[in-house]
Amino acid sequence: PPFPLKLRGPVIKGFGRGSKELGIPTANIPLSGLSINGYSDLDSGIYYGFCTLDHSTIPSSTSSTTVPSATSDTSIPSQSSSHAVLDLEYAASTPSTGRSPVYPTVLSIGYNPYYKNTTRSIEIHILANFSSDFYGAELSLVILGFIRPEYDYVSKEALVEDIREDIRVAQRSLAREGYQVYKEEGWLQGKG
Ligand code: ADP
Ligand code: MG
């Protein structure tokens, strides 16, 4: 299919089998997101691209420490929410125009043979550190290239080793001059 491919969807709970424990958390979005521009037949495999997160779609948690009350006294500074923290981390590289930070990502689309899944999923590893989870956030994605097909693995170590290499390939690819223009995609800022 022609790149860029554009996908958008809410971050949902995945298989909960410990991507985080491997040091490689993957934000899952529903498979329906795959048909957004008509490519429901997208090849399974590992891809790279850019994404943004819209935190305003995260349901209010019951924790009073992270959600400023709507009627709160404005003289009391609200507790820093998780996204305020991570926006700060990226302030240096993001124009101060209220735009969402654009993150490089490496993602897998497929059945994940190692885990013998029977339905396809989209799992997006964002190449940035976040201080907390963002389930419910709307994730917008432009996919820019294909790295490799899915393989099966004899061990978790071999799987992780390949993912580490995929991350390096994605970083090198996305740093190329020709890709920088895609960071400006209106799609990543919720348009289109
Ligand atoms: P799940 O099985 O629910 O997808 P994971 O172990 O794959 O669980 O963790 C994914 C979650 O971790 C994401 O939904 C997101 O809320 C959080 N997360 C934190 N840092 C990242 C990151 N760099 N990339 C992707 N998700 C991240
Ligand atoms: Mg996941």
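Where a number appears in this text, it was derived from the coordinates with a stated rule and is not lab data. What you are looking at is a predicted structure, and each value in this text was computed from that prediction instead of being measured. Ideal geometry is used to build each Cβ from the backbone, glycine not excepted, and the neighbour counts take in all protein chains shown.
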(request) Taking 7 Å along the Cα-to-C-beta vector as the label spot, tell me the E165-Q180 distance in nanometres, rounded to one decimal. (result) 3.0 nm
(request) Determine ³J(HN,Hα), in whole Hz, for all residues of region 168-182 in sequence, where each value follows from phi through the Karplus function 6.51 cos²θ - 1.76 cosθ + 1.60 and θ = phi - 60°; x replaces Gly and Pro. (result) 5, 4, 4, 4, 4, 5, 5, 7, 5, 3, x, 8, 4, 4, 6
(message) Amide H of L127 versus every other amide H placed in the peptide plane: which residues, excluding those fewer than 5 positions away on the same chain, fall under 5 Å?
(response) T105, V106
(message) Students often check this: by mean Cβ neighbours within 10 Å, which of 159-167, 22-30 ranks highest, and how do the rest follow?
(response) 22-30, 159-167
